[in-house]
Amino acid sequence: MSGAAWNRNRLTEKLGIEYPIVQGPFGGFASQRLTAAVSNFGGLGSFGALNLAPEAIKEVAAEIRALTSKPFAMNLWVSMEDEGARRSDENAFRRSLSPIAAHFAELGAALPEYKPYSPTVRFEEQAHALLDAKVPVFSFIFGIPPREILQECRAKRIVTIGTATTPDEAAALRDAGVDAIAASGFEAAGHRGSFLRAAEDSLTGTMALVPQIVDIVDVPVIAAGGIADARGVIAAMALGAEAVQMGTVFLSCEESGASRLHHEVFLAKKAGHTGLTKGFTGRLARAVRNRLMEELNREGTETLPYPLQRGLVRHLTMAAEAAGRADLVPMWAGQSANLGACTDVAAFLKSLVEEVGEIAGPVTEWSAQRRWRSASA
C-alpha cells in the first residue's frame, strides 16, 4: 500500500468528500457560510441545529444547498433536557440567579424573570425535518435516535454519525447500526454528548479513546477533540481513525458565527487555559477559564438542569457581549485553542492538507497494516 493517498478511505467514499476532515457542528455558533466553506473545499461542513424549530431546519438546509453542491451534515442533540427540568421551580431559579445577579446591575441590564419551563422543540420533530430535507449527513450527540428514525435514514441514503465518549457508547452506536462514530475526547470544546454514564465519569482523552473504539467497531471512526493541526491529524490516523473532527480552530474564522469577543480571544491566543463547568448550561462543557466560570464553579453554587441554566446564563451573556466583557461570557474552546487560529477557511485547509500529505505516506501504510492485522486476528 506504499504511496496510498492519505485522504482516501471508507469514510471519504461513503460521504463523497475529498478530505477526511469534519468541521465541528457548533451548537450556538453554527453558520451556513462556514458549513458551506468547509464542504466546498472538500471536507464535511457541519451545522449545529439543536436550537432550531423544524421549519427553520428546512430553511437552513436550503440555504446551505444554495451555497454548496457538496455533502454537508446537520447535527442534533438526542437528549434535549435533563431530569428535573420540568419540576424546577421559582425558588431554584432564584438560588441559581443569586451568584450572577450583581453582574446584571454592573452591566446596567435588567434581571431575568422566572418562567416555568416549557419545551419549544422536540428531537423527534427536528429529526423528521432533517429527514424531509434529505440532508446528506445526520450527526447526533447525547444518545441514539429511535430505531425508526435510523431506519428511515438508511432508506433515504442519509449517512448517520453518532458520537461516543466511551467505548461502551461506541458499542451501543455500533449495535444501533450507525454509519460512522465520532470518538469525542475530553479535550474537545463545549459539550461532548455522554449518554451512558455521567459526563464527569466519561472523561477519556482522544488519543486513548480512539484506538479503543477502533478495536471494537467495524465502521469508520472520526477522532474529535484537541486536533488543530497536521500533527493531530497524523496522530489520529496512526491510531486507526479514518477522519478527524476539528471545531475550535474554526471559531476564529470570519465565516463562523462566533462573537467578536470570541474572535479576539482566539486571535490573541488567550484561550489556552480551559476548564470544565456545568455552570454555563447545566451540562458539563469545556470553555476558557474566566471570571464567570470560576464563580459558577465555586463549591455550593447551585446549577439548574439543562436547558434552564443555559437560558439563565444566556441573559447575562447578551449583556456582557454588548459591553465587551469577555470575562462574563462562556468562551467555548478546546484544549488545542492556542495551537492555531483560522482566519480564512480555504487557506487554512489548503495549508493543512498539504502539510499532512507531506508526511502521511508512512503513517497511512502503518495504520492500514494495523487494521488489516486486527481484522485478521
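The values are calculated or read from the model by the stated rules, or taken from the named source; none is laboratory data. All figures in this text were calculated on a predicted structure; none of them were measured in a lab. Here the Cβ positions follow ideal geometry from the backbone for every residue, glycine too, while neighbour counts run over all protein chains shown. Note: accessible area is taken over every heavy atom of the protein model, side chains too, but ligands, DNA and RNA are not part of it. Shrake-Rupley method; radii C 1.70, N 1.55, O 1.52, S 1.80 Å.
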### Summary
Of the conditions (1) part of a loop (DSSP other than H, G, I, E, B); (2) over 28 Å from TYR19 (Cα atoms); (3) open to solvent by 10 Å² or more (accessible area, probe 1.4 Å); (4) touching a Lys or Arg at 6+ places or on another chain (Cβ under 9 Å), the single one that GLY282 does not satisfy is (3)
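Rundown of residues vs (1) outside any loop (DSSP other than H, G, I, E, B); (2) on the phi > 0 side of the Ramachandran plot; (3) touching a Gly at 6+ places or on another chain (Cβ under 6 Å); (4) not aromatic (Phe, Trp, Tyr), yes/no style:
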position: ARG87; (1), (2), (3), (4): no, no, no, yes
position: PHE93; (1), (2), (3), (4): yes, no, no, no
position: ALA105; (1), (2), (3), (4): yes, no, no, yes
position: PRO112; (1), (2), (3), (4): no, no, no, yes
position: ALA127; (1), (2), (3), (4): yes, no, no, yes
position: VAL135; (1), (2), (3), (4): no, no, no, yes
### Query
Which one of these does ALA241 not meet: (1) buried (at least 24 other Cβ atoms within 10 Å of the Cβ); (2) aliphatic (A, V, I, L, M); (3) in a helix (DSSP H, G or I)?
(3)
### Query
Within the stretch 137-157, can you find the residues that are open to solvent by less than 10 Å² (accessible area, probe 1.4 Å) and among the hydrophobic types (A, V, I, L, M, F, W, C)?
VAL137, PHE138, PHE140, ILE149, LEU150, CYS153
### Query
In the stretch 210-220, what residues are open to solvent by less than 10 Å² (accessible area, probe 1.4 Å) and not in a helix (DSSP H, G or I)?
PRO220
### Message
Just to verify a result, which residue in the stretch 158-178, among those that are assigned to a strand (DSSP E or B) and either among the small types (Gly, Ala, Ser) or without any contact (Cβ under 8 Å) to a residue 40 or more places away in the chain (or both), is surrounded by the most Cβ atoms within 10 Å (Cβ to Cβ)?
### Response
ALA164
### Task
Please state which one of ALA258, ALA235, ALA228, ALA223 is of a type outside the set (S, T, N, Q) and in a strand (DSSP E or B).
ALA223
### Summary
Reported set for the stretch 181-209 where residues are in contact with a helix residue (DSSP H, G or I) (Cβ under 6 Å, 6 or more places away or on another chain) and open to solvent by less than 10 Å² (accessible area, probe 1.4 Å) is ILE181, ALA183, GLY185
